[in-house]
Amino acid sequence: MKQPGKEWREVIAPGEAERFQKYAEQFIEIQKNKSRTFGNGRALHRKQITGLKARIEILKNLPEHATHGLFARPGTHEALIRISNGGMNIQPDRVPDIRGFSIKVLGINGPGALGEGNTKNQDFTLINHSTFSFPSSATFVDLVIAASKGIPDVLKFMVKTYGIFGGIKKIAETAKTMAIPFTGFATESFFSAAPISCGPYAVRVRLVPVGAKIDPHSSKSDLGKDLKKRLLTGSLQFEMQLQFYVDEQTTPIENPSIEWPESESPYVTVALLTIPSQDTEDASGKKLSDEIEKTYFDPWNALKEHRPLGDVMRARKYVYFASQKGRGAA
């Protein structure tokens, strides 16, 4: 096991801002096209499964390297959660997809990551994979553009990017990853995949369910049904954990496709997220879900101490803002 390090650094390429702005313009076009079919919505993670109220308790007696930003002192904050499918289409839940678990911690007041005054919220945008499938934003954006046009364009993209044999291998790897059974939002772990800062340190974030057991009979065609059923009879809990950068070879900042090994950098539990029992289908539950759908969850909507790091996160600053503006998010 290695000790958390402060020697991390970002590598910002020449012309990066212009490239990211181009990405934002491309995503806006995709978002407009998809909104003509599905109605006003996000470019990615378009289908909201449900919106929930929650609370997050920052734990006591954390190690010094974890006590920064949101985790600087013990306490409890109210929070909102958006559960979603990651695709750009609204499609049946049984279709293999990335699953999203976004958290907005409320009641914050401190300098924001964007350097434009204070922020009142701290957002975490998590997915059910510990890494990204691609090492850079450029490759990911090219894939999304191809996917927005259809499967033939995705196949062309894979072959063009990786060659014939490399493309076939990458397609097989991606299919294998997407085919991993998803047991449900109450029983899966979720990850930031890309790093954020924690004061002078760099971390990845993980959310781990506590105590919830997998229901082998839960509906795979309606992922919200299992979650909603559980919340009618009790609460759900998750541990929020941080995994710390130790060195560039072991825990790289710029490449989110590389797993950070737990043997070298074990996770530290810093908070407990509780989703209290609630009825998502009654009038107040539906109203809350509608309000959450209209708002935004953005990794750059964060405290300065939790500034997003790396190429993918820097690209998100442009793309998320453009998407929010494009759909009129509050």
Taking the stretch 217-244 and the residues there that are touching a helix residue (DSSP H, G or I) at 6+ places or on another chain (Cβ under 8 Å) and part of a loop (DSSP other than H, G, I, E, B), the one that is modelled with the highest pLDDT would be 218
Could you tell me whether residue 263 is touching a Pro at 6+ places or on another chain (Cβ under 6 Å), under 25 Å from residue 60 (Cα atoms) and open to solvent by 40 Å² or more (accessible area, probe 1.4 Å)?
no
Among the candidates 43, 66, which residue alone is among the small types (Gly, Ala, Ser), surrounded by 16 or more Cβ atoms within 10 Å (Cβ to Cβ) and at pLDDT 95 or above?
66
Single residue of 289, 257, 277, 263 found to be more than 29 Å from residue 324 (Cβ to Cβ), touching a residue at least 60 places away in the same chain (Cβ under 8 Å), among the small types (Gly, Ala, Ser) and outside any strand (DSSP E or B):
263
Within the stretch 148-184, residues touching a helix residue (DSSP H, G or I) at 6+ places or on another chain (Cβ under 6 Å), within 28 Å of residue 37 (Cα to Cα) and at pLDDT below 75 come out as 154, 157, 171
Among the numbered criteria (1) within 29 Å of residue 287 (Cα to Cα); (2) open to solvent by less than 30 Å² (accessible area, probe 1.4 Å), which one does residue 77 miss?
(2)
Picked from the stretch 272-304 (must be touching a helix residue (DSSP H, G or I) at 6+ places or on another chain (Cβ under 7 Å) and surrounded by 15 or more Cβ atoms within 10 Å (Cβ to Cβ)), the residue nearest to residue 76 (Cα to Cα) is 275
Name the one entry in 143, 155 that is in a helix (DSSP H, G or I), aliphatic (A, V, I, L, M) and open to solvent by 60 Å² or more (accessible area, probe 1.4 Å).
155
On the basis of being more than 19 Å from the chain's Cα centre (by Cα), open to solvent by 20 Å² or more (accessible area, probe 1.4 Å) and among the hydrophobic types (A, V, I, L, M, F, W, C), does residue 246 make the cut?
no
Open to solvent by 20 Å² or more (accessible area, probe 1.4 Å), under 18 Å from the mean Cα position of the chain (by Cα) and closer than 21 Å to residue 77 by Cα: does that describe residue 316?
no
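To keep it simple, each residue is scored yes or no on (1) without any contact (Cβ under 8 Å) to a residue 12 or more places away in the chain; (2) within 23 Å of residue 278 (Cβ to Cβ).
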{"site": "15", "(1), (2)": "yes, no"}
{"site": "18", "(1), (2)": "yes, no"}
{"site": "63", "(1), (2)": "no, no"}
{"site": "70", "(1), (2)": "no, no"}
{"site": "80", "(1), (2)": "no, yes"}
{"site": "85", "(1), (2)": "no, yes"}
{"site": "99", "(1), (2)": "no, yes"}
How many of the residues making up the stretch 292-330 are of a type in the set (A, V, I, L, M, F, W, C) and either without any contact (Cβ under 8 Å) to a residue 60 or more places away in the chain or touching a strand residue (DSSP E or B) at 6+ places or on another chain (Cβ under 7 Å) (or both)?
8
If I filter the stretch 49-61 down to residues being open to solvent by 40 Å² or more (accessible area, probe 1.4 Å) and in contact (Cβ under 8 Å) with a residue 12 or more places away in the chain, which single residue comes out as farthest from residue 6 (Cα to Cα)?
53
Assuming residue 3 fulfils every condition listed in (1) assigned to a helix (DSSP H, G or I); (2) touching a residue at least 60 places away in the same chain (Cβ under 8 Å); (3) open to solvent by 60 Å² or more (accessible area, probe 1.4 Å) apart from one, which condition is it?
(1)
Residues satisfying the stated conditions in the stretch 319-330, i.e. among the hydroxyl-bearing types (Ser, Thr, Tyr) and either closer than 19 Å to residue 255 by Cβ or open to solvent by 30 Å² or more (accessible area, probe 1.4 Å) (or both)
320
Total residues in the stretch 167-216, condition without any contact (Cβ under 8 Å) to a residue 12 or more places away in the chain, among the β-branched types (Val, Ile, Thr) and part of a loop (DSSP other than H, G, I, E, B)
1
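The values are calculated or read from the model by the stated rules, or taken from the named source; none is laboratory data. Quick caveat, the model's predicted, so the values are computed rather than measured. Every residue, glycine among them, receives a Cβ derived from its backbone with ideal geometry; neighbour counts consider all protein chains shown. Keep in mind that these areas ignore ligands, DNA and RNA; they rest on the heavy atoms of the full protein, side chains included. Shrake-Rupley method; radii C 1.70, N 1.55, O 1.52, S 1.80 Å.
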